[in-house]
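*Asks:* One structure is given below, represented as structure tokens, and several questions about it will come after.
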Amino acid sequence: MQKTRIILALDVLQRAKAISVVDETSQYIDAVKINWPLVLGAGSRIITEISEKSPVICDFKIADIPNTNKLIVEQAMKLGAAAVIAHGFTGTDSLKACVDASGGKVFVVTEMSHPGGKEFTSVNAERIATMAREQGAMGIVAPATRPERIAKMREIVGPLQIISPGVGAQGGKASDALGYGADFVIVGRTIYDSDRPAEAAQKIAREIEDFLIGK
């Protein structure tokens, strides 16, 4: 990965819309993040379909007991997911089940990007980031809406990948997230709600390229 550093958050409901957006934007993105709205709207096979066009991260925010986590991750990986996203607040044993079932292909949510994320996840984010590193996760999720938090998470997780949601509709800036240490930014509505998704993705990709060249 790391072509443009953009992960498309594809929170649409219809299969046709999802496939169309991926086809239009694939040259400008590094991966597609699929959440429950699309899986429930289009069926689980959409994971397989999109994985044939782009790496898929299943953003199921997995947060259950270890055995249930294991079952969810195994099914996602069988359907073609390249990685999954799990919550860390359920504890070490639950996270370890995700890591083991995926072969380490897990991104752990440290804190949520919306305002409510400050209430509970933010206050435990550093402990969760430490756990993610210790348990062998691939990386963490840290908010572009509070980019200074990304810098703190980078200090904790070292070389783990940091993917950062909240760019665009939530007010986060790609350059801020990358400047504070994110490896990838996650962009959703700004791209898939556009009348011209390819142009929207290309614009963000160019902004990122200009920022990286100017660093």
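The values are calculated or read from the model by the stated rules, or taken from the named source; none is laboratory data. Given the structure is predicted, the values throughout are model-derived calculations rather than measurements. Positions of Cβ are generated from backbone atoms using ideal geometry, with glycine treated the same way; all protein chains shown enter the neighbour counts.
*Asks:* With the requirement that a residue be surrounded by 15 or more Cβ atoms within 10 Å (Cβ to Cβ) and either over 15 Å from G188 (Cα atoms) or among the charged types (D, E, K, R) (or both), what does the range 16-40 give you? I'd like the intermediate steps shown before the answer.
*Replies:* Taking the range 16-40 as the starting set, the residues that turn out to be surrounded by 15 or more Cβ atoms within 10 Å (Cβ to Cβ) are 17-19, 21-22, 24-26, 28-35, 38-39.
Hits for the range 16-40 are K17, E24, D30, K33, V39.
*Asks:* Of everything in the range 177-215 that's charged (D, E, K, R) and in contact with a strand residue (DSSP E or B) (Cβ under 9 Å, 6 or more places away or on another chain), which residue is farthest from I150 (Cα to Cα)?
*Replies:* If we filter the range 177-215 for residues that are charged (D, E, K, R), which is where we start, we get 183, 189, 193, 195-196, 199, 203, 206-207, 209-210, 215.
Adding the requirement that they be in contact with a strand residue (DSSP E or B) (Cβ under 9 Å, 6 or more places away or on another chain) leaves 183, 189.
On the way: D183: 10, R189: 22 Å.
Among residues in the range 177-215 that are charged (D, E, K, R) and in contact with a strand residue (DSSP E or B) (Cβ under 9 Å, 6 or more places away or on another chain), the one farthest from I150 (Cα to Cα) is R189.
*Asks:* Now for a separate question. Please determine, by comparing only the residues of the range 90-108 that are part of a loop (DSSP other than H, G, I, E, B) and more than 18 Å from W36 (Cβ to Cβ), which one is farthest from the chain's Cα centre (by Cα).
*Replies:* Pass one, the range 90-108, residues part of a loop (DSSP other than H, G, I, E, B): 90-91, 103-105.
Next cut, more than 18 Å from W36 (Cβ to Cβ) only: 91, 103-105.
On the way: G91: 20, G103: 17, G104: 15, K105: 12 Å.
Checked the range 90-108; the qualifying residue farthest from the chain's Cα centre (by Cα) is G91.
*Asks:* Out of E199, E134, E209, I need the residue that is under 21 Å from V109 (Cβ atoms) and either over 17 Å from the mean Cα position of the chain (by Cα) or free of Cβ contacts under 8 Å to residues at least 24 places away in the same chain (or both). Which one?
*Replies:* The conditions single out E134.
*Asks:* Within the range 56-80, count every residue that is buried (at least 21 other Cβ atoms within 10 Å of the Cβ), closer than 17 Å to G91 by Cβ and either of a type in the set (G, A, S) or at pLDDT below 95 (or both).
*Replies:* Within the range 56-80, residues that are buried (at least 21 other Cβ atoms within 10 Å of the Cβ), closer than 17 Å to G91 by Cβ and either of a type in the set (G, A, S) or at pLDDT below 95 (or both) number 0.
*Asks:* Then there is this: Scan the range 94-115 residue by residue and report those that are crowded, with 21+ Cβ neighbours inside 10 Å and either under 22 Å from A144 (Cβ atoms) or of a type outside the set (A, V, I, L, M) (or both).
*Replies:* Matches in the range 94-115: S94, C98, S102, V106, F107, V108, V109, T110, E111, M112, S113.
*Asks:* For L13, all conditions in the list (1) touching a Gly at 6+ places or on another chain (Cβ under 9 Å); (2) buried (at least 21 other Cβ atoms within 10 Å of the Cβ) hold save one; what is the number of the exception?
*Replies:* (2)
*Asks:* If we scan the range 109-129, do we find a residue that is assigned to a strand (DSSP E or B) and within 16 Å of the chain's Cα centre (by Cα)?
*Replies:* The first filter runs over the range 109-129 and keeps only residues assigned to a strand (DSSP E or B), leaving 109.
Still in the running and within 16 Å of the chain's Cα centre (by Cα): 109.
Yes, some residue in the range 109-129 is assigned to a strand (DSSP E or B) and within 16 Å of the chain's Cα centre (by Cα).
*Asks:* Here's a check for you: in the range 180-215, which residue that is among the acidic types (D, E) and in a helix (DSSP H, G or I) is nearest to N35 (Cα to Cα)?
*Replies:* By that ranking, first place goes to E199.
*Asks:* Out of curiosity, is A177 under 20 Å from D23 (Cα atoms) and part of a helix (DSSP H, G or I)? Even if it seems obvious, please write down each step before you answer.
*Replies:* Numbers: under 20 Å from D23 (Cα atoms): no; part of a helix (DSSP H, G or I): yes.
So A177 fails the test.
*Asks:* For the range 148-162, indicate whether the set of residues that are among the acidic types (D, E) and in contact with a Lys or Arg (Cβ under 9 Å, 6 or more places away or on another chain) is non-empty.
*Replies:* First, the residues of the range 148-162 that are among the acidic types (D, E): 148, 155.
Still in the list and also in contact with a Lys or Arg (Cβ under 9 Å, 6 or more places away or on another chain): none.
Within the range 148-162 (the criterion being among the acidic types (D, E) and in contact with a Lys or Arg (Cβ under 9 Å, 6 or more places away or on another chain)), the answer is no, since none of the residues qualifies.
*Asks:* Do you know which of the residues in the range 144-161 that are outside any loop (DSSP other than H, G, I, E, B) and within 10 Å of D176 (Cα to Cα) is farthest from the chain's Cα centre (by Cα)? Working first, answer last.
*Replies:* From the range 144-161, those outside any loop (DSSP other than H, G, I, E, B) are 147-157, 161; that's our starting set.
Checking which are within 10 Å of D176 (Cα to Cα) leaves us with 147-148, 150.
Numbers: P147: 15, E148: 18, I150: 14 Å.
In this case the residue turns out to be E148.
*Asks:* State which residue is surrounded by the fewest Cβ atoms within 10 Å (Cβ to Cβ) when the search covers only the range 142-171 and only residues that are farther than 26 Å from R189 by Cβ and basic (K, R).
*Replies:* Of everything passing the filter in the range 142-171, K152 is surrounded by the fewest Cβ atoms within 10 Å (Cβ to Cβ).
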